[in-house]
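One structure is given below, encoded as structure tokens.
The values are calculated or read from the model by the stated rules, or taken from the named source; none is laboratory data. These numbers come from a predicted model, not from an experiment. Here Cβ is always computed from backbone atoms with ideal geometry, including for glycine, and neighbour counts include all displayed protein chains.
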Amino acid sequence: MIIERKPPFARETEKINMHISDIAYAYLDRDWNNKNARAAYTRIYYVQRGRGELGIGGRRVALLSGNIYVIPAGLDFSYSCEDSLEKLYCHVNLFCYNRADLLEDLHDCVVLSDRKEEIERVVDLWRAGDVRAALQLKEAILHTATEAVMQAGHTTAEIRTYSPLIRGAVAYIEKNLRADLTAAEIATALFVSESRLQKTFRQEMGTPLGRYVTARVLTVAEEKLRLSKHTIREISDSLGFCDRFYFSRAFRARYGLSPAKYRRNISP
């Protein structure tokens, strides 16, 4: 018997995580409009009835019944509805081990046309509301996300390998995530020099350690703004920012809006 193993592939496959932060059915009218809808998550619209419109890079994309629309994280776009629109929507991220979002790399809206039966099945699963339906719905959403990535041609990225040092650093960051977390603290916890940690982290993760920590902290902040009722000051304090004004500047630099405006703009 011969068994061929690919440990890096198995490890990365295990760590690819589809994070669904919201899923609901929306009945929309003319009140559904926004000129600046950039978000930290990918929106997937399963349009069942009606019509709406997206504005992306100076062009218009019609939201038509029977189509699925995948709008990637970080994309600047607008949306509107002249009359009525019904859709199941979900907010998702598809994170790799290094917390890079595979869907963010799409850079443009992906339209999957003529999917009426698929949309009806997804809506029926959502309405069923039991465990079996939830598992099938998650599988269907992952299939949609995977199809969008494939259609956009982003399927050839190599599987990276990560040393025990970097895996330990990532685990420590996740356990102690806060804005004032330093490379010196992480290095001390892992019994290595700060310079070695910084160099190895940049080589393997493709980004400086400090930038990675800041991005992770702001990702958590974005979710707290969207999914909790905590005040901006409470969110800032809980994540170790020196004050809410520094938090606001950092958040605006990453997401293009202040925390307060970002929270007001949240919509299906």
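Filter the helices (runs of 4 or more DSSP H) completely within the range 69-187 down to those with at least 1 residues that are out of contact with any helix residue (DSSP H, G or I) (no Cβ under 8 Å at 6 or more places or on another chain) and aromatic (Phe, Trp, Tyr). Show your work before the answer.
Working: elements: 116-128, 131-151, 164-175.
Counting at least 1 such residues, we get no helices (runs of 4 or more DSSP H) at all.
For (1) of a type outside the set (Val, Ile, Thr); (2) modelled with pLDDT under 95; (3) surrounded by 11 or more Cβ atoms within 10 Å (Cβ to Cβ), each residue gets a yes or a no:
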{"position": "Lys6", "(1), (2), (3)": "yes, yes, no"}
{"position": "Ile16", "(1), (2), (3)": "no, yes, yes"}
{"position": "Ala37", "(1), (2), (3)": "yes, yes, yes"}
{"position": "Ile44", "(1), (2), (3)": "no, no, yes"}
{"position": "Gly74", "(1), (2), (3)": "yes, yes, yes"}
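I need the full set of residues from the range 78-127 which are of a type in the set (Ser, Thr, Tyr), buried (at least 16 other Cβ atoms within 10 Å of the Cβ) and within 17 Å of Gly66 (Cβ to Cβ), in order please. Spell out the reasoning first.
Narrowing the range 78-127 to residues of a type in the set (Ser, Thr, Tyr): 78-80, 84, 89, 97, 113.
So of that shortlist, the ones also buried (at least 16 other Cβ atoms within 10 Å of the Cβ) come out as 79-80, 89, 97.
Tyr89 - this is the single residue of the range 78-127 that is of a type in the set (Ser, Thr, Tyr), buried (at least 16 other Cβ atoms within 10 Å of the Cβ) and within 17 Å of Gly66 (Cβ to Cβ).
Hey, among Ala179, Ala128, Ala183, Ala169, which residue is more than 23 Å from the chain's Cα centre (by Cα), outside the structural domain of Ile68 (by TED's automatic domain parsing) and small (Gly, Ala, Ser)? I'd like the intermediate steps shown before the answer.
On the way: Ala179 fails: more than 23 Å from the chain's Cα centre (by Cα); Ala128 fails: outside the structural domain of Ile68 (by TED's automatic domain parsing); Ala169 fails: more than 23 Å from the chain's Cα centre (by Cα).
The unique qualifying residue is Ala183.
Can you name every residue in the range 199-209 that is of a type outside the set (Asp, Glu) and either surrounded by fewer than 17 Cβ atoms within 10 Å (Cβ to Cβ) or under 22 Å from the mean Cα position of the chain (by Cα) (or both)? Break it down into steps so the answer makes sense when it comes.
First, the residues of the range 199-209 that are of a type outside the set (Asp, Glu): 199-203, 205-209.
Lys199, Arg202, Gln203, Met205, Gly206, Thr207, Pro208, Leu209, listed by residue number.
Quick check on Arg216: is it out of contact with any strand residue (DSSP E or B) (no Cβ under 7 Å at 6 or more places or on another chain), assigned to a helix (DSSP H, G or I), not β-branched (Val, Ile, Thr) and not assigned by TED's automatic domain parsing to the domain that holds Ala39? Step through it out loud before you land on a result.
Working: out of contact with any strand residue (DSSP E or B) (no Cβ under 7 Å at 6 or more places or on another chain): yes; assigned to a helix (DSSP H, G or I): yes; not β-branched (Val, Ile, Thr): yes; not assigned by TED's automatic domain parsing to the domain that holds Ala39: yes.
When the stated conditions are applied, Arg216 passes them.
Answer with yes or no whether Thr200 is in contact with a Leu (Cβ under 8 Å, 6 or more places away or on another chain) and at pLDDT 95 or above.
Considered against the rule, which asks whether it is in contact with a Leu (Cβ under 8 Å, 6 or more places away or on another chain) and at pLDDT 95 or above, Thr200 comes out as yes.
Quick one: which residue in Phe247, Phe191, Phe251 is over 19 Å from the mean Cα position of the chain (by Cα), surrounded by 13 or more Cβ atoms within 10 Å (Cβ to Cβ) and of a type in the set (A, V, I, L, M, F, W, C)? Reasoning before the result, please.
Values: Phe191 fails: surrounded by 13 or more Cβ atoms within 10 Å (Cβ to Cβ); Phe251 fails: over 19 Å from the mean Cα position of the chain (by Cα).
After ruling out the rest, the residue left standing is Phe247.
Look at Ser65 and say whether it is of a type in the set (Ser, Thr, Tyr) and modelled with pLDDT under 95. Can you show your working first?
Working: of a type in the set (Ser, Thr, Tyr): yes; modelled with pLDDT under 95: no.
Answer is no for this residue.
Pull out all pairs, ordered by first then second residue, where Cβ-Cβ is under 9 Å, the residues are six or more apart or on different chains, the first lies in the range 100-122 and is assigned by TED's automatic domain parsing to the domain that holds Leu54 and among the β-branched types (Val, Ile, Thr), and the second is assigned to a loop (DSSP other than H, G, I, E, B) and modelled with pLDDT under 95.
Val110/Pro72; Val110/Ala152
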